[in-house]
Amino acid sequence: MSFEPLAQRANRRRFLKPFTGEAQWPPPMWLMRQAGRYLPEYRQVRAKAGGFLSLCYTPELAAEVTLQPIRRYGFDASILFSDILVVPDALGQEVRFVEGEGPRLDPIEDVGGLTRLKASRTGEKFSIVAETVTRLRQDLPDDTALIGFCGAPWTVATYMVGGRGSPDQAAARLMAYREPQLFGPLIQLLVDVSVDYLSLQVEAGADVLQIFDSWAGSLPEDQFARWVTEPTRVMVERLRRKHPEIPILGFPRGADQLSATFVRETGVDGVSCNTAMPVSGMVKLAEETGRVVQGNLDPLLLVAGGGQLDIRVTEILAAMKGRKFIFNLGHGILQTTPPENVARLVEAVRRDG
Ligand code: CP3
């Protein structure tokens with residue numbers, strides 16, 4: 001397989017420039033969860049697909065909803081439409097999306113639950129997702145970058161062990177303390193299959209990867225080092241071996257003061273900051289690590305809109321100007337976001353040229 005060098009790709013897709021060391025202004029932008037229920041055209045396709053997972057596993061429809069926010073807003077990057085829970089589903093764990101309630105999984109409680117997971121089964125589902133990526137690379141405008149992604153092992157494990165989302169991830173944290181001989185191999189398995197999954201996405205045409213660790217912030221530092229930093233470090237190392245130039249963004253949400261160490265130790269090329277990180281913290285992170293920084297508008301401010309939105313956008317841009325920066329939210333876009341506020345945001349960021 002031959003890959004176009006990153007520097008050459010970046011000439012066509014400015015989103016990639018910061019990863020080659022060149023800051024861009026106005027900064028490249030995209031929004032986490034930019035495809036989704038705040039868009040009426042998404043709700044239409046979603047209704048046609050039936051279940052959420054069948055939407056993820058129908059390349060034609062998954063590609064269509066990936067393209068919707070690009071058509072509307074012309075973001076610099078698109079993100080493959082899928083979900084972090086495709087990985088447990090592909091491993092054979094029962095995963096359901098209950099309308100209005102979020103994901104439900106048959107929780108892994110003991111060694112029996114772990115041994116029922118089958119890495120050898122993942123190929124079937126992963127190749128469907130890769131087909132969506134192939135299709136997207138054909139259908140996207142040539143100047144739009146394509147982001148592939150997966151959940152980080154820790155965050156995916158919190159759902160696999162807890163059986164659902166929870167405010168404190170107590171089930172997984174307890175298993176990590178009480179039964180590291182069970183939790184460790186689960187994380188190891190997730191590292192292995194996630195590297196395969198991301199490699200397939202790169203081979204199908206993804207330009208950048210993002211690893212979502214949405215629940216990184218619930219761990220004390222020793223547990224953070226063991227279950228967040230170390231598995232991500234191994235993933236980055238293995239991905240680099242296969243794809244030396246692929247830019248990798250980490251999103252250790254809530255890592256706060258551990259962010260710089262996370263970046264240094266994992267070797268990610270860029271880091272996404274959550275809403276609570278002060279702009280001075282993003283500046284410091286950019287200076288200390290020399291890596292790309294992404295963030296961090298409050299998704300609720302995008303729901304609120306108006307003059308306050310403009311003020312905050314100006315503050316973020318003023319602090320990050322001249323740096324290797326990607327404009328984004330601090331977490332996923334909310335379902336109640338008025339689409340016209342997104343248009344206002346795009347205009348505000350692009351005006352700052
Ligand atoms: O960003 C995008 O537009 C690409 C697609 C994407 C989805 N989920 C689609 C989705 C991405 C990158 C994700 C990541 C994801 N999924 C994360 C990490 C980021 C974060 O938000 O913290 C997590 C923790 C999940 C797990 C998940 N998926 C939950 C908790 C839920 C239910 C809550 C919700 O927002 O509905 C989902 C469902 C989901 N994933 C939807 C979408 C568009 C809504 C499903 C629907 O249409 O009913």
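The values are calculated or read from the model by the stated rules, or taken from the named source; none is laboratory data. What you are looking at is a predicted structure, and each value in this text was computed from that prediction instead of being measured. Ideal geometry is used to build each Cβ from the backbone, glycine not excepted, and the neighbour counts take in all protein chains shown.
Check segment 63-71 and report whether any residue there is under 21 Å from GLN138 (Cβ atoms), small (Gly, Ala, Ser) and either over 21 Å from the mean Cα position of the chain (by Cα) or at pLDDT 95 or above (or both).
Yes, segment 63-71 has at least one match.
Here's a check for you: in segment 69-98, which residue that is over 20 Å from PRO28 (Cβ atoms) and either assigned to a helix (DSSP H, G or I) or of a type in the set (Ser, Thr, Tyr) (or both) is farthest from the ligand (Cβ to nearest atom)?
ALA90
Tally time: how many residues in segment 35-55 are touching a residue at least 24 places away in the same chain (Cβ under 8 Å) and within 11 Å of the ligand (Cβ to nearest atom)?
10
How many of the residues in segment 10-24 are under 21 Å from the mean Cα position of the chain (by Cα) and in contact (Cβ under 8 Å) with a residue 60 or more places away in the chain?
Count: 6.
Which residues, taken from segment 127-155, are buried (at least 22 other Cβ atoms within 10 Å of the Cβ) and in a helix (DSSP H, G or I)?
Listed by number, the residues that qualify are VAL129, ALA130, THR132, VAL133, LEU136, PRO153, TRP154, THR155.
Pick out the one residue from LEU140, LEU136 that is aliphatic (A, V, I, L, M) and in contact with a helix residue (DSSP H, G or I) (Cβ under 6 Å, 6 or more places away or on another chain).
Just one listed residue meets the conditions, LEU136.
From the residues in segment 213-229 that are acidic (Asp, Glu) and surrounded by fewer than 17 Cβ atoms within 10 Å (Cβ to Cβ), which one is farthest from the ligand (Cβ to nearest atom)?
Looking at residues that are acidic (Asp, Glu) and surrounded by fewer than 17 Cβ atoms within 10 Å (Cβ to Cβ), I get ASP222.
Considering VAL271, VAL283, which residue is among the aliphatic types (A, V, I, L, M), closer than 27 Å to LEU200 by Cβ and not in a loop (DSSP other than H, G, I, E, B)?
VAL271
Does ILE108 fit the bill of being part of a loop (DSSP other than H, G, I, E, B), more than 14 Å from the ligand (Cβ to nearest atom) and of a type in the set (A, V, I, L, M)?
Criteria met by ILE108.
Residue under question is LEU334, and the condition is that it be within 16 Å of the ligand (Cβ to nearest atom), part of a helix (DSSP H, G or I) and surrounded by fewer than 17 Cβ atoms within 10 Å (Cβ to Cβ); does it hold?
No: the conditions fail for LEU334.
Can you tell me which of (1) farther than 22 Å from GLY330 by Cβ; (2) surrounded by 22 or more Cβ atoms within 10 Å (Cβ to Cβ); (3) more than 16 Å from the chain's Cα centre (by Cα) is the one PRO27 doesn't meet?
(1)
Condition test on ARG253, is it within 19 Å of the chain's Cα centre (by Cα) and without any contact (Cβ under 8 Å) to a residue 60 or more places away in the chain?
Considered against the rule, which asks whether it is within 19 Å of the chain's Cα centre (by Cα) and without any contact (Cβ under 8 Å) to a residue 60 or more places away in the chain, ARG253 comes out as no.
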